[in-house]
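The values are calculated or read from the model by the stated rules, or taken from the named source; none is laboratory data. What you see is a predicted model; the values in this text were computed from it and never measured. Neighbour counts are summed over all protein chains in view; Cβ atoms, including those assigned to glycine, are modelled from backbone coordinates with ideal geometry. Side chains included, ligands, DNA and RNA excluded: accessible areas come from the protein's heavy atoms. Shrake-Rupley method; radii C 1.70, N 1.55, O 1.52, S 1.80 Å.
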Amino acid sequence: MIYPIVVYGDAVLRKRATNIKEGTDLTELVENMYETMHGAHGIGLAAPQIGKSVRLFVVDGTTLDDEPTLVDFKKIFVNPQILKETGEEWDFEEGCLSIPNIREDVWRKENVRIKYFDEQWNAFEEEFTGMKARIIQHEYDHIEGKLFIDYLTPLKKRMLKGKLADISKGDVDTDYRILAPLKKIILAFN
Ligand code: NI
């Protein structure tokens, strides 16, 4: 099942998500997350982006032809916990399915050490680097209630204010279904 993607302005994107009870059957949720992410041509999707405030995200970089380091990067992170971020900060232009049509440079550390479960509740502790680390950091931020635009300078943020307001009203072009918080309210008054 493909969910509409919750966009900027919805409170669920600003909440710290809660851990999932160990042993919970995640088959359906994970299947729906992958389907939703692929339907929107994303390389990562966190549960809050489909309106579920739980600590789970999926990543799939295997379809990116121009990123050879990601050929094997298809994973599910359940109840993840970042233990350490190390290395130099580097910048890269990020985007987000919840903030359509906005891309900005974000600085992040090179390496990330993370503890997580897979969908079968096997426990892992691993270190990721470069683009893999960046995707993890971006998705992890989602379950902490953070968005990539939070890293921008006050000036940049001011410049994006109008576009962000449009997004929260659903006034944005996407090739996937979105759920815009202010659109819901407007419809409710009609
Ligand atoms: Ni995102």
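Structure summary
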| read-out | value |
| --- | --- |
| Residue count, region 2-42 (criterion: within 21 Å of residue 170 (Cβ to Cβ) and assigned to a loop (DSSP other than H, G, I, E, B)) | 11 |
| The listed residue being open to solvent by 80 Å² or more (accessible area, probe 1.4 Å) and either of a type outside the set (Ser, Thr, Tyr) or within 12 Å of the ligand (Cβ to nearest atom) (or both), out of 113, 108, 134, 103 | 103 |
| Criterion (farther than 17 Å from residue 92 by Cβ and touching a helix residue (DSSP H, G or I) at 6+ places or on another chain (Cβ under 8 Å)) met by exactly one of 160, 152 | 160 |
| Matching option when the condition is surrounded by 17 or more Cβ atoms within 10 Å (Cβ to Cβ) and under 27 Å from residue 20 (Cβ atoms), among 128, 124 | 128 |
| Inter-residue pairs, beta-carbon under 6 Å, first touching a residue at least 12 places away in the same chain (Cβ under 8 Å) and in region 88-103, second polar (S, T, N, Q), 6+ apart | 98/49; 100/174 |
| Selected residue (only one of 89, 119, 125, 93 is in a loop (DSSP other than H, G, I, E, B), more than 15 Å from residue 143 (Cα to Cα), touching a strand residue (DSSP E or B) at 6+ places or on another chain (Cβ under 6 Å) and at pLDDT 95 or above) | 119 |
| Number of the exception - residue 92 against (1) closer than 15 Å to residue 41 by Cβ; (2) within 16 Å of the ligand (Cβ to nearest atom) | (1) |
| Some residue of region 154-168 being exposed (fewer than 12 other Cβ atoms within 10 Å of the Cβ), more than 16 Å from the ligand (Cβ to nearest atom) and not in a helix (DSSP H, G or I) | no |
| Among the residues listed as 147, 179, the single one being within 15 Å of the ligand (Cβ to nearest atom) and farther than 30 Å from residue 66 by Cα | 179 |
| For residue 125: the one exception among (1) in contact with a Leu (Cβ under 9 Å, 6 or more places away or on another chain); (2) away from the ligand (no atom under 16 Å from the Cβ); (3) without any contact (Cβ under 8 Å) to a residue 60 or more places away in the chain; (4) within 18 Å of residue 58 (Cβ to Cβ) | (4) |
